[in-house]
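J.: Structure incoming, see below.
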Amino acid sequence: MISHIITPDQCAACRLCCQFTRASQWETPSLTPEQVNFFRTRGIPLTHRKNGSYTFALQYDEDSLQDTCAPCPLLDHGAGCTLSRQNRPIECRIWPLRLMNTEDGSLCIAIYRDCPAFQNNETRERLIREASGPLLPFLLHLAKEFPASIRPLHPAYDVVWTANSSFPKK
Ligand code: SF4
Ligand code: SF4
């Protein structure tokens with residue numbers, strides 16, 4: 001998460017982005033090879049996607065008829081993420097921003113619309129300004145070096161920057 005804008009208290013009351021329905025399993029963070037080794041040696045369950053990238057494996061209640069949530073294996077429901085910030089997957093560190101591809105294949109930066117911490121216009125606009133300003137070089141570098149972090153654009157996300165835009169979209 002963007003920790004200098006979102007407070008730990010806001011996330012403690014939410015945990016939304018650390019739990020996944022079956023339909024939202026695609027949202028689990030991609031892991032670098034170094035992180036795969038790090039988590040394997042600690043016995044964290046991992047799985048891989050069709051594109052070969054690794055992520056956390058989720059444990060669902062197989063008896064439930066509903067699409068219940070499964071927590072990330074690193075989530076402690078009381079204390080939150082059990083990883084130090086530096087050991088968290090990069091997609092967790094930039095959340096609620098995501099690198100995405102639009103339908104024409106262009107890179108874009110998008111924000112998860114329903115993150116409760118960004119329902120306030122002022123906070124949301126601050127994040128959008130950062131994503132298209134000071135954070136942009138880092139995000140573009142990430143897209144180049146770690147393409148597994150780029151996801152197809154999803155309806156739950158609003159595009160706030162594209163390679164063709166000279167100013168942030170709202
Ligand atoms: S969805 Fe937003 S407020 Fe909720 S835990 Fe994630 S970053 Fe925090
Ligand atoms: S690694 Fe931590 S921040 Fe990322 S989804 Fe899991 S519990 Fe949440």
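A short reminder: the numbers here are calculations on the coordinates, not readings from a lab. Remember, predicted model here, so these are calculated numbers, not experimental data. Cβ coordinates were reconstructed from backbone atoms using ideal geometry, including for glycine residues, and neighbour counts include every protein chain displayed.
J.: How big is D for the chain, in µm² s⁻¹ as a whole number, if Stokes-Einstein is applied with the Kirkwood radius of its Cα pairs at 4 °C and 1.567 mPa s?
T.: My calculation gives 77 µm²/s for D.
J.: Percent relative contact order of the chain, based on C-alpha pairs within less than 8 angstrom and at least six residues apart?
T.: So the answer I get is 23 percent.
J.: A further question on this structure: Which one, 24, 68, 56, is farthest towards the positive end of the dipole of the range 8-162 when Lys and Arg carry +1 and Asp and Glu -1 on their Cβ?
T.: Going by the Cα projections, it comes out as 56.
J.: Using a basic spin-label model with each label point 7 Å from the Cα along Cα→Cβ, how many nm lie between residue 12 and residue 113?
T.: That separation, rounded to one decimal, is 3.1 nm.
J.: Quick check: pseudo-label points 7 Å beyond the Cα along Cα→Cβ at residue 67 and residue 145, how many nm apart are they?
T.: Roughly 3.5 nm, to one decimal.
J.: Something else: Which of the listed residues, 138, 121, 160, is farthest toward the dipole's positive end in the chain, when Lys, Arg count +1 and Asp, Glu count -1 at the beta-carbon?
T.: 138
J.: Treating the beta-carbon of each Lys and Arg as +1 and of each Asp and Glu as -1, no other charges, what is the dipole magnitude of the range 69-170 about its Cα centre, to the nearest 20 debye?
T.: Computed about the Cα centre, the dipole is about 160 debye.
J.: While we're looking at this one, here's another question. Taking 0.36 nm per intervening residue step and subtracting the Cα-Cα distance, what contour gain separates residue 156 from residue 51 on full extension? Walk me through the intermediate numbers first.
T.: Numbers: separation 105, 0.36 × 105 = 37.80 nm, distance 2.21 nm.
My answer for the length gained is 35.6 nm.
J.: Related question: Between the range 50-120 and the range 126-158, what is the separation of their alpha carbon centroids in Å?
T.: The range 50-120 and the range 126-158 have Cα centres separated by 14 Å.
J.: Here's a follow-up. With only Lys, Arg, Asp and Glu charged, each at its Cβ (+1 for the first two, -1 for the last two), find how big the charge dipole of the chain is about the Cα centre; round to the nearest 20 debye.
T.: On the way: 18 positive and 17 negative charges, 90 e Å.
Approximately 440 debye in magnitude.
J.: Next up: Counting only other residues whose beta carbon sits under 15 Å from that of residue 70, what net charge do I get with K and R as +1, D and E as -1? Spell out each step's value before the answer.
T.: Values: positive: 15, 22; negative: 27, 61, 62, 63, 67, 76.
Net of charged neighbours comes to -4.
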